[in-house]
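A.B. asks: Take this structure, written in structure tokens, and hold onto it; I'll ask about it next.
The values are calculated or read from the model by the stated rules, or taken from the named source; none is laboratory data. Remember, predicted model here, so these are calculated numbers, not experimental data. Glycine gets a Cβ as well: all are built from the backbone with ideal geometry, and neighbour counts include every protein chain shown. Keep in mind that these areas ignore ligands, DNA and RNA; they rest on the heavy atoms of the full protein, side chains included. Shrake-Rupley method; radii C 1.70, N 1.55, O 1.52, S 1.80 Å.
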Amino acid sequence: SKTIKSKRIGLSKNDIKDSFLENLFFHIGRVPKGATIMDYYQALAYTVRDRVFKEFVTTVKRISDEDLRVVAYLSAEYLPGPHLANNLLSLGITEQTAAAMAELGIDMEELILQEEEPGLGNGGLGRLASCYLDSMATIGIPSIAYGIRYEFGIFEQHIKNGLQEEYTDKWLQYGNPWEVVRSEIGYNIMFGGSTKHVTDSNGNFTVNWIPDSKLRGTAYDTPILGYKGYGSILRLWRAEAIDTFDFSAYNKGDYYKAVQEKILSENITKVLYPNDEQETGKELRLKQQYFFVSCSLQDLIRLHLLQGRILDTLHEKFAIQLNDTHPAIAVAELMRLLVDDYQIDWDKSWNITQRCFGYTNHTLLPEALEKWSIPLFRRVLPRHLEIIYEINHRFVQELKYQHGCSDEQLSRMALIDHSGEGSIRMAHLATVGSHKVNGVSALHSELLKKHVLYDFAQLWPDKFCNVTNGISPRRFIALSNPLLTGLITETIGSGWLTDLKELSKLENMAEDPTFQNKWMAIKQTNKASLSDHIKLETGISVDPSMMFDVHVKRIHEYKRQHLNVLNILHLYLQIKKGNNKDMIPMAFIFAGKAAPGYFMAKLIIKLITAVGDLINQDTEVNDKLKVIFLPDFSVKKAQHIYPAADLSEQISMAGKEASGTGNMKLSLNGALTIGTLDGANVEMMEEIGMDNFFLFGLNAEEVQHKKQGNYKPGDHYVHNLHLREVMDFLISGALSPENPKLFQPIYEQLLYDDPYMIMADFESYLISRAKVYEEWGNQSNWTKKSIINVARMGKFSSDRSIQDYSSLIWKIDSFQNRP
Ligand code: 26Y
């Protein structure tokens, strides 16, 4: 990289300007006269990418020269957000690039808005993977992230008549300047068919898998640059047909059948499944998982052998992290590669496998625990089924004869669930095949050991650990909230962006009136900007002096957006009754996607928009209340919303939210939290302090206890007048005159079943909200709390999470800690 001439990748304003014009000409084939804004965006993207590549190549060389241990992060989802602004920030060239563009009469901000973000994930889990990649690159943990290059990412959400409609996400339609295709890096992937067990002439026993279809996975690389740091790579696989793939069809002269097969093989990476809980046995999804896992493991083996090493040491050179069970088939696939393809004996292969893998669990929801039916699995991966049976057999033997487990324990722990047609429990496969298993918050890790993986935690207590989630301060404050970032840096220097604990230096300022005024003014500006955005997107005017109460995340019953709605209806009814003397003007802002097949979640969106329609137009209430549903929540939109929030809604039923990360993003931007003792809220409150956090609701233990007793949601309806009024209003038809029974399913579920204990937590929510209003009344006091919230967020940097993974699980040193 030393031989690359500096001008081509120079960081001065003039070098950037020159390369921009060159790229516009040589990459896009245009001169400024006649170039479109998209042409400009692409030319700037190439200009920045060249500079990112330089850092990337330097890091790769160092890993190879020093023969360093590398993290391979396996995730079916990523949500990197737009790359351009982030790379400018990481390179430290935002200002000179803006100046270079300005000299050409171009507004850089406008170019930044042109970028389509890669929506290659559903929500928290995908975004977490991207925060971790950012942190690994920043700290200098040698890493490669593997995933799927979905042609269509998460659907685009439109709201029509208050209902969600889904449109395909064509993120690649104008090309993707951030990736390079590595046509020479590709692997053959097999599906279906049968296996043959043979003993060759030397008496060696081998298994041949005779598949009925094959395809090729090709690597598409996106370089990832850490903040003033190192390079990493996001390597995504795209499914393609193998040229000479279907001999039988060609031989029979059936050209069209062969072409048909070709098209089918490309389907594997067509589309992201938009579910983040249930996915009932979709064959294509299993194929996606196996496809990307096999490509990734074959790639790791290639890289390992390329360095002149032998496979026996694979675990010394790679720590492979499984992001939930979506890539858990890797356990069986690595065994297959070692045993069948490289003829390493079973015990040795198993030792390597277990030492390679770590497994991160992200959910306790029973419906989200992946299971694959055995007939389906056999059809797609016959050899892997045999391998899983063998792993299971040996595991059960060990439990029986070494640990004296009872039959009951055996059937609870086995990899195979024999009920019905039989199924494979992927969480068990991942747990047995890994040397470490972690949850994503302290509470979640405890509950994991107590419930979902209880028997395993008894058996192997040392295998279990916790790594509390974190977020990238670069993405979620430096990029999203430049004003606040400026004020903080002006006050405590810039070290906090790579050492978030330094934010604690802000504590001294919490009561300083001048500082408070600056802090408040920034929040006000951010709110005005969101308000403009809301007007543009929805046509609704929101007064920026209202309190912005923000509830943004996937729409799920357990996240209880409808609990929030019940409170809004309560406020509405109070105003209508004239009880609005000192009511605080509030804007309730919602955003989030619902899984397309999730009836209740979609009905909750309709409920939010119906309440909005009722309130926003009613002049008797709309100076006190506004209800907004911002369509098509994404990383890009999120960056707009977090900086403008006053209050953060983190109100899941305790025990259901594994961690949450939106909670951290909002608090880092100065919002106070109203929340339950769930997921990472618990640790946030520990850090922030009870006085600066609005806690309410049952805790996880109380929820558990109530569920086991005989919980009667109707009792709360009878005893709480406010709840009764709200529920009666919900069923009155006033929210949907054209279809008075529209919300009956929500009403009846709450009243007669209430699986998420909304009725039980309603009163406590209202009491906690009353404290919110009281505190808001004293703006200086509120601002002090806001400053304290930010000052105490140090723990929740994804840099800290990555340090924890490195020391507890991966045993990898960062570049920073090396001589
Ligand atoms: C099996 C398939 C349908 C599936 C696909 C996606 C299942 C789950 C998911 C995604 C889960 C997810 O996003 N979980 C969230 O992970 C975050 C990062 O750890 C947590 O903060 C959050 O609490 C959890 O819900």
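A.B. asks: Evaluate segment 518-527: report whether one residue or more is among the charged types (D, E, K, R), open to solvent by less than 10 Å² (accessible area, probe 1.4 Å) and at pLDDT 95 or above. Lay out the reasoning, then the answer.
C.D. replies: If we filter segment 518-527 for residues that are among the charged types (D, E, K, R), which is where we start, we get 518, 523, 527.
Keeping just the survivors that are open to solvent by less than 10 Å² (accessible area, probe 1.4 Å) gives 527.
Restricting the remaining residues to those that are at pLDDT 95 or above gives 527.
So far as segment 518-527 goes, yes, one or more of its residues are among the charged types (D, E, K, R), open to solvent by less than 10 Å² (accessible area, probe 1.4 Å) and at pLDDT 95 or above.
A.B. asks: Tell me, which residue of segment 130-144 that is in contact with a Pro (Cβ under 9 Å, 6 or more places away or on another chain) and within 19 Å of Ser296 (Cα to Cα) is farthest from the ligand (Cβ to nearest atom)?
C.D. replies: Only one residue fits best here, namely Met136.
A.B. asks: Given the criteria in contact with a His (Cβ under 9 Å, 6 or more places away or on another chain) and either over 27 Å from His304 (Cβ atoms) or of a type outside the set (Phe, Trp, Tyr) (or both), does Val60 qualify? Spell out how you get there, then give the answer.
C.D. replies: Values: in contact with a His (Cβ under 9 Å, 6 or more places away or on another chain): no; either over 27 Å from His304 (Cβ atoms) or of a type outside the set (Phe, Trp, Tyr) (or both): yes.
Criteria not met by Val60.
A.B. asks: If you don't mind, another one. Can you pull out the residues in segment 416-445 that are among the polar types (S, T, N, Q) and either touching an Asp or Glu at 6+ places or on another chain (Cβ under 8 Å) or outside any strand (DSSP E or B) (or both)?
C.D. replies: Listed by number, the residues that qualify are Ser419, Ser423, Thr431, Ser434, Ser441, Ser445.
A.B. asks: Taking the conditions exactly as written (in contact with a Lys or Arg (Cβ under 7 Å, 6 or more places away or on another chain), within 25 Å of Asn663 (Cα to Cα) and among the charged types (D, E, K, R)), does Glu507 satisfy them or not?
C.D. replies: Here the answer is no, as Glu507 does not meet what is asked.
A.B. asks: Would you confirm, using the coordinates I've provided, whether Asn86 is touching a residue at least 60 places away in the same chain (Cβ under 8 Å) and open to solvent by 30 Å² or more (accessible area, probe 1.4 Å)? Steps first, please.
C.D. replies: Numbers: touching a residue at least 60 places away in the same chain (Cβ under 8 Å): yes; open to solvent by 30 Å² or more (accessible area, probe 1.4 Å): no.
No: the conditions fail for Asn86.
A.B. asks: Of (1) open to solvent by 40 Å² or more (accessible area, probe 1.4 Å); (2) within 16 Å of the ligand (Cβ to nearest atom); (3) among the hydroxyl-bearing types (Ser, Thr, Tyr), Tyr558 satisfies all except one. Which?
C.D. replies: The number of the failed condition is (1).
A.B. asks: Can I ask one more? Take Ser504 and decide whether it is touching a helix residue (DSSP H, G or I) at 6+ places or on another chain (Cβ under 8 Å), open to solvent by 50 Å² or more (accessible area, probe 1.4 Å), at pLDDT 95 or above and within 26 Å of Gln779 (Cα to Cα). Steps first, please.
C.D. replies: Details: touching a helix residue (DSSP H, G or I) at 6+ places or on another chain (Cβ under 8 Å): yes; open to solvent by 50 Å² or more (accessible area, probe 1.4 Å): yes; at pLDDT 95 or above: yes; within 26 Å of Gln779 (Cα to Cα): yes.
Against the criterion (touching a helix residue (DSSP H, G or I) at 6+ places or on another chain (Cβ under 8 Å), open to solvent by 50 Å² or more (accessible area, probe 1.4 Å), at pLDDT 95 or above and within 26 Å of Gln779 (Cα to Cα)), Ser504 qualifies.
A.B. asks: Would you be able to say whether some residue in segment 624-647 is open to solvent by 10 Å² or more (accessible area, probe 1.4 Å), among the charged types (D, E, K, R), within 13 Å of the ligand (Cβ to nearest atom) and out of contact with any Ser or Thr (no Cβ under 6 Å at 6 or more places or on another chain)?
C.D. replies: Within segment 624-647 (the criterion being open to solvent by 10 Å² or more (accessible area, probe 1.4 Å), among the charged types (D, E, K, R), within 13 Å of the ligand (Cβ to nearest atom) and out of contact with any Ser or Thr (no Cβ under 6 Å at 6 or more places or on another chain)), the answer is no, since none of the residues qualifies.
This table checks each residue for (1) open to solvent by 20 Å² or more (accessible area, probe 1.4 Å); (2) more than 18 Å from Tyr756 (Cβ to Cβ); (3) touching a Lys or Arg at 6+ places or on another chain (Cβ under 7 Å); (4) free of Cβ contacts under 8 Å to residues at least 24 places away in the same chain.
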site: Asn564; (1), (2), (3), (4): no, no, no, no
site: Leu569; (1), (2), (3), (4): no, no, no, no
site: Asn579; (1), (2), (3), (4): yes, yes, no, yes
site: Ala587; (1), (2), (3), (4): no, yes, yes, no
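A.B. asks: Among the residues of segment 325-345, count how many are open to solvent by less than 10 Å² (accessible area, probe 1.4 Å) and within 16 Å of the ligand (Cβ to nearest atom).
C.D. replies: 5
A.B. asks: Kindly provide the set of residues from segment 431-446 that are more than 20 Å from the chain's Cα centre (by Cα) and open to solvent by less than 10 Å² (accessible area, probe 1.4 Å), ordered by number.
C.D. replies: Going through segment 431-446, the residues more than 20 Å from the chain's Cα centre (by Cα) turn out to be 431-436, 446.
Answer for segment 431-446, where residues must be more than 20 Å from the chain's Cα centre (by Cα) and open to solvent by less than 10 Å² (accessible area, probe 1.4 Å): Thr431, Val432, Gly433, Ser434.
A.B. asks: Is it true that Ala72 is open to solvent by less than 20 Å² (accessible area, probe 1.4 Å) and within 16 Å of the ligand (Cβ to nearest atom)? Step through it out loud before you land on a result.
C.D. replies: Numbers: open to solvent by less than 20 Å² (accessible area, probe 1.4 Å): yes; within 16 Å of the ligand (Cβ to nearest atom): no.
The answer is no for Ala72.
A.B. asks: Also, quick follow-up: Across segment 639-698, what is the number of residues that are in contact (Cβ under 8 Å) with a residue 24 or more places away in the chain, closer than 18 Å to Asn481 by Cα and outside any loop (DSSP other than H, G, I, E, B)?
C.D. replies: 15
A.B. asks: So in segment 1-22, with the set limited to residues that are among the β-branched types (Val, Ile, Thr) and modelled with pLDDT of 85 or more, which one is most open to solvent (accessible area, probe 1.4 Å)? First the steps, then the outcome.
C.D. replies: Applying the first criterion (among the β-branched types (Val, Ile, Thr)) to segment 1-22 yields 3-4, 9, 16.
So of that shortlist, the ones also modelled with pLDDT of 85 or more come out as 9, 16.
Numbers: Ile9: 25, Ile16: 2 Å².
Among residues in segment 1-22 that are among the β-branched types (Val, Ile, Thr) and modelled with pLDDT of 85 or more, the one most open to solvent (accessible area, probe 1.4 Å) is Ile9.
A.B. asks: Go through the residues of segment 750-768 one by one and say whether even a single one is surrounded by 17 or more Cβ atoms within 10 Å (Cβ to Cβ), in contact with an Asp or Glu (Cβ under 9 Å, 6 or more places away or on another chain) and assigned to a strand (DSSP E or B).
C.D. replies: No, that holds for no residue.
A.B. asks: Specify which of the listed residues (Thr94, Thr59) is of a type in the set (Ser, Thr, Tyr), more than 16 Å from the ligand (Cβ to nearest atom) and open to solvent by 20 Å² or more (accessible area, probe 1.4 Å).
C.D. replies: Thr94
A.B. asks: Hey, among the residues in segment 98-129 that are in contact with a strand residue (DSSP E or B) (Cβ under 9 Å, 6 or more places away or on another chain) and assigned to a loop (DSSP other than H, G, I, E, B), which one's farthest from the ligand (Cβ to nearest atom)?
C.D. replies: Pro118
A.B. asks: Still on this structure, I have one more. Hey, could you check segment 624-638 for residues that are part of a loop (DSSP other than H, G, I, E, B) and not aromatic (Phe, Trp, Tyr) and say which is nearest to Tyr167 (Cα to Cα)?
C.D. replies: So in segment 624-638, the residues part of a loop (DSSP other than H, G, I, E, B) come out as 624, 631-634.
From what's left, not aromatic (Phe, Trp, Tyr): 624, 631-632, 634.
On the way: Lys624: 35, Pro631: 12, Asp632: 10, Ser634: 14 Å.
Among residues in segment 624-638 that are part of a loop (DSSP other than H, G, I, E, B) and not aromatic (Phe, Trp, Tyr), the one nearest to Tyr167 (Cα to Cα) is Asp632.
A.B. asks: Determine whether segment 259-277 contains at least one residue that is open to solvent by less than 40 Å² (accessible area, probe 1.4 Å), assigned to a helix (DSSP H, G or I) and within 22 Å of Leu369 (Cα to Cα).
C.D. replies: No, that holds for no residue.
A.B. asks: Which of the residues that make up segment 611-623 are assigned to a helix (DSSP H, G or I) and open to solvent by less than 10 Å² (accessible area, probe 1.4 Å)?
C.D. replies: Across segment 611-623, the qualifying residues are Val611, Gly612, Ile615.
A.B. asks: Sticking with this one: Tally the residues that are within 16 Å of the ligand (Cβ to nearest atom) and open to solvent by 10 Å² or more (accessible area, probe 1.4 Å), restricting the search to segment 282-323.
C.D. replies: 5
A.B. asks: When residues of segment 594-603 are filtered for being part of a loop (DSSP other than H, G, I, E, B), open to solvent by 20 Å² or more (accessible area, probe 1.4 Å) and of a type outside the set (Phe, Trp, Tyr), how many remain? It would help to see each step written out before you state the result.
C.D. replies: Here is the first cut: in segment 594-603, the ones part of a loop (DSSP other than H, G, I, E, B) are 594-598.
After this cut, where a residue has to be open to solvent by 20 Å² or more (accessible area, probe 1.4 Å) as well, the list is 596-598.
Keeping just the survivors that are of a type outside the set (Phe, Trp, Tyr) gives 596-597.
Going through segment 594-603 one residue at a time, the tally reaches 2.
A.B. asks: Right, here's the next one. Hey, can you tell me all the residues within segment 105-134 that are open to solvent by 20 Å² or more (accessible area, probe 1.4 Å), hydrophobic (A, V, I, L, M, F, W, C) and closer than 29 Å to Asp324 by Cα?
C.D. replies: Leu125
A.B. asks: Considering only residues that are within 12 Å of the ligand (Cβ to nearest atom) and open to solvent by 10 Å² or more (accessible area, probe 1.4 Å), which ones fall in segment 669-682?
C.D. replies: none
A.B. asks: Looking at (1) over 22 Å from Thr353 (Cβ atoms); (2) open to solvent by less than 40 Å² (accessible area, probe 1.4 Å); (3) touching a helix residue (DSSP H, G or I) at 6+ places or on another chain (Cβ under 9 Å); (4) within 16 Å of the ligand (Cβ to nearest atom), find the lone condition where Val452 falls short.
C.D. replies: Evaluating Val452 over (1) over 22 Å from Thr353 (Cβ atoms); (2) open to solvent by less than 40 Å² (accessible area, probe 1.4 Å); (3) touching a helix residue (DSSP H, G or I) at 6+ places or on another chain (Cβ under 9 Å); (4) within 16 Å of the ligand (Cβ to nearest atom) leaves (2) as the failure.
A.B. asks: Follow-up question, since we're still on this one. Please determine, by comparing only the residues of segment 141-161 that are of a type in the set (Phe, Trp, Tyr) and in a strand (DSSP E or B), which one is farthest from Lys593 (Cα to Cα).
C.D. replies: Within segment 141-161, the match that is farthest from Lys593 (Cα to Cα) is Tyr146.
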